[in-house]
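Take a look at the structure below.
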Amino acid sequence: MPDRVLSIAGYEIDLGPALYLISSSRIAMVGLQVPEGLKRAAPLIARTVSDLTGSRVIISGDPCFGACDLDLDLLTSVDLLLHVGHSELCAAYTDKVVYIEARMSQPVADAVQRSIPLLTSPRVGLCTTVQHAQFVPDALMILAEAGIQAEAALPGARGKYRGQVLGCNYQAARDLDVDEYLFIGSGLFHPLGMAISTGKRVVCADPTTGQACEVRPEALIRRRFGAIANAMDSRRIAVLVSKKPGQQRQELADFMMEIGTAAGREMIMVRIDNIEPDRLINLGIDAAVSTACPRVALDDSARYPIPILTPPEFEILLGRKEDYEFDEIV
Ligand code: SF4
């Protein structure tokens, strides 16, 4: 019999509760959505669900970037959608969507130990992503043994666990009255977002390498002011509104249209699912303001031949703001 807890590429994926729900509710048709980093595991997950419940499984072939990114089209064709890799978001769909988290099994102790000499204050906020959320108590204990009174905040608006941050929301960091932060996780996007959002020092402990380092947001901010300068003379500007349920910010898009028009720019609104360079170029625009995931502008801008700004960056361009602000979805 296939195992209900799958170990895939360093992640543990517990299918047990979803399998129980599918069997006990006699669900016939199941949709399966898996993020890009785990996509190769989709056939194994689908087969496990099918073998253990007798349900038919349809895998979403479209890209999936986060908990915000439900395949709403597939959702109309199935009785239940399994969304793997992220914690719950998109409350409007919870009766038909089951989020199955992917937890990294790699312990965080080595990386946290290495971060201790880099921390300069005994008042430290601890943050992480859902993949390492189970290790927050261990990390707090290691820091306490080193004399550091670290805290992890209650989950923020888009999180589910203590200390959990998302690329688009750092409330769990901002809610703490601390001097600096320790972020546990891989990649620089989250710790850079935390540093900009809080204006405080962030040390990053990466469990996959066992290393720790301080992150410096200055270079990213300089690049973003460069993008704002490049967009300064743009005549026709598109405001992008995402079709993804957890990225849709229509009111904010309306506001961007309003302030851009008032400033004499030719503004167009574009509703779009996956934002790709070709789709924008064919619109004949000089720049775009993305109200979708902040990573589109901040992480992917090198892919685009035109400047892509976040909403706060557009406000800087129009002279409505001076200081740089990280674009967060609340
Ligand atoms: S909006 Fe972006 S950062 Fe936020 S959950 Fe979605 S993919 Fe992740």
Test: residue in segment 11-23 that is over 16 Å from Tyr99 (Cα atoms), in the same structural domain as Gly85 (by TED's automatic domain parsing), touching a Pro at 6+ places or on another chain (Cβ under 6 Å) and of a type outside the set (Phe, Trp, Tyr): no
Any chance Ser121 is outside the structural domain of Ser23 (by TED's automatic domain parsing), in a loop (DSSP other than H, G, I, E, B), surrounded by fewer than 17 Cβ atoms within 10 Å (Cβ to Cβ) and in contact (Cβ under 8 Å) with a residue 24 or more places away in the chain: yes
Per-region count, segment 84-105, residues within 15 Å of the ligand (Cβ to nearest atom) and not small (Gly, Ala, Ser): 9
Any hit, segment 196-208, residues being surrounded by 20 or more Cβ atoms within 10 Å (Cβ to Cβ) and either in the same structural domain as Ala92 (by TED's automatic domain parsing) or in a loop (DSSP other than H, G, I, E, B) (or both): yes
Residue pairs meeting the criteria (Cβ under 8 Å; at least 6 apart or on separate chains; first without any contact (Cβ under 8 Å) to a residue 40 or more places away in the chain, in segment 60-78; second among the β-branched types (Val, Ile, Thr)): Ser60/Val34; Cys64/Val34
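Do we find that Gly31 is crowded, with 22+ Cβ neighbours inside 10 Å, more than 23 Å from Gln134 (Cα to Cα), away from the ligand (no atom under 16 Å from the Cβ) and at pLDDT 95 or above in this structure? If you could, list the steps in order and put the result at the bottom.
Values: crowded, with 22+ Cβ neighbours inside 10 Å: yes; more than 23 Å from Gln134 (Cα to Cα): yes; away from the ligand (no atom under 16 Å from the Cβ): yes; at pLDDT 95 or above: yes.
Spelling it out, Gly31 is indeed crowded, with 22+ Cβ neighbours inside 10 Å, more than 23 Å from Gln134 (Cα to Cα), away from the ligand (no atom under 16 Å from the Cβ) and at pLDDT 95 or above.
Can you go through Arg265, Arg295 and tell me which one is under 30 Å from Arg114 (Cα atoms) and basic (Lys, Arg)? Before the answer, list the steps.
On the way: Arg265 fails: under 30 Å from Arg114 (Cα atoms).
It is Arg295.
Being surrounded by fewer than 21 Cβ atoms within 10 Å (Cβ to Cβ) and either acidic (Asp, Glu) or over 18 Å from Asp14 (Cα atoms) (or both) is the filter here; which residues of segment 95-113 pass it? It would help to see each step written out before you state the result.
First pass over segment 95-113, keeping only residues surrounded by fewer than 21 Cβ atoms within 10 Å (Cβ to Cβ): 95-96, 98, 103, 105-107, 109-110, 113.
Passing the criteria: Asp95, Lys96, Ala109, Asp110, Gln113.
Residue under question is Ala67, and the condition is that it be away from the ligand (no atom under 16 Å from the Cβ), in contact with a Leu (Cβ under 7 Å, 6 or more places away or on another chain) and modelled with pLDDT of 95 or more; does it hold? Full working, then the answer.
Numbers: away from the ligand (no atom under 16 Å from the Cβ): no; in contact with a Leu (Cβ under 7 Å, 6 or more places away or on another chain): yes; modelled with pLDDT of 95 or more: yes.
Answer is no for this residue.
Counting only residues that are within 16 Å of the ligand (Cβ to nearest atom) and crowded, with 16+ Cβ neighbours inside 10 Å, how many does segment 141-159 have?
Quick first cut of segment 141-159, residues within 16 Å of the ligand (Cβ to nearest atom) only: 155-159.
Then drop every residue that is not crowded, with 16+ Cβ neighbours inside 10 Å, which leaves 155-156, 158-159.
The number of residues fulfilling the criteria is 4.
Are there helices (runs of 4 or more DSSP H) fully within segment 225-327 with at least 3 residues that are surrounded by 22 or more Cβ atoms within 10 Å (Cβ to Cβ) and within 16 Å of the ligand (Cβ to nearest atom)? List them. Walk me through it before giving the result.
Numbers: elements: 250-262, 277-281, 295-298, 311-317.
Once the helices (runs of 4 or more DSSP H) in segment 225-327 are filtered for at least 3 residues that are surrounded by 22 or more Cβ atoms within 10 Å (Cβ to Cβ) and within 16 Å of the ligand (Cβ to nearest atom), what remains is 295-298.
The values are calculated or read from the model by the stated rules, or taken from the named source; none is laboratory data. Note that the coordinates shown come from a computational prediction; the quantities given were computed from them, not determined experimentally. In this analysis, Cβ positions are derived from the backbone assuming ideal geometry, glycine residues included, and neighbour counts consider all displayed protein chains.
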